[in-house]
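Single-structure report; data block below.
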Amino acid sequence: MATLIRDRSAIVQTAEGQFRIRPDTADEDPWRLTSDALTDVRDGAIHVATGATYGPVRVTVEEWTGPAPVDGECWDVICERSLNNLASEDPHFPSSSVWMGNINDSEPEVLVTDVVGHVRIRLHAVGRDLGRAHGDTTEPVERYLLQVWAEQATSEPAHIYGSDAVMIGRLGAGNLSVRHNETPGAGEPTLAPPSQPMVKDIKGKFSSESFPLWYPR
């Protein structure tokens, strides 16, 4: 059973309806063309979609020794995403960490983890619809939880639970979809999930039913 190593909370400033989780040295994400309920990937960094366009959100980070138990608090949306934090090859900057912060680099970044290699992040969100209704905020109305652990290899994105208006506005009826503007000349997407992610139902139990995963041909 996984155990909690440490946790921390911080206020992160959103900009243009998102904040960023980035490794010091990123590797290419094999699912970089897949958007999910909360995230998409650009240049090896995870961009988390927020309800508020600009303003503060509260983010808690938990580091675990292995796959964390699903948090029992009431969250609107839960999904999982992986990234690969490459070891530094610069002798002047030997550390390799994962950080979160503003996409415009206008605020100091906050440490997520020092794990080097494949990192799995389970992202939880609540209050995005309220943030969306406000547009710009001066006080946090959205909360996020990042549960982080090391994994042996990069895993596919997974939708664990829930939906909200922000997700529906981004993706429509689907829960994972391809951003066609990054696949010039690609054909229509095809429903071809390599495996079935687990989905938590409204009673908090897990079932083998899955949301669709969309991939380019």
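Values as computed for the structure displayed
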| item | result |
| --- | --- |
| Extension reserve of the residue 92-residue 71 stretch, reckoned as 0.36 nm per residue once the Cα distance is removed | 3.7 nm |
| Extension gain, residue 133 back to residue 16 (0.36 nm per residue minus Cα-Cα distance, nm) | 40.6 nm |
| Whether the stretch 1-126 is rounded, prolate or oblate, judged on the alpha carbon gyration tensor where a/c under 1.5 counts as rounded | rounded |
| Carbon plus sulfur fraction of accessible area for the stretch 107-167, probe 1.4 Å, in percent | 51 percent |
| Probe 1.4 Å, protein heavy atoms only - accessible area per residue of the stretch 25-157 in square angstrom | 42 Å² |
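The values are calculated or read from the model by the stated rules, or taken from the named source; none is laboratory data. Predicted model, so just to flag it, every value in this text is computed and none were measured. Heads up: the accessible areas ignore ligands, DNA and RNA and are worked out on the full protein's heavy atoms, side chains in. Shrake-Rupley method; radii C 1.70, N 1.55, O 1.52, S 1.80 Å.
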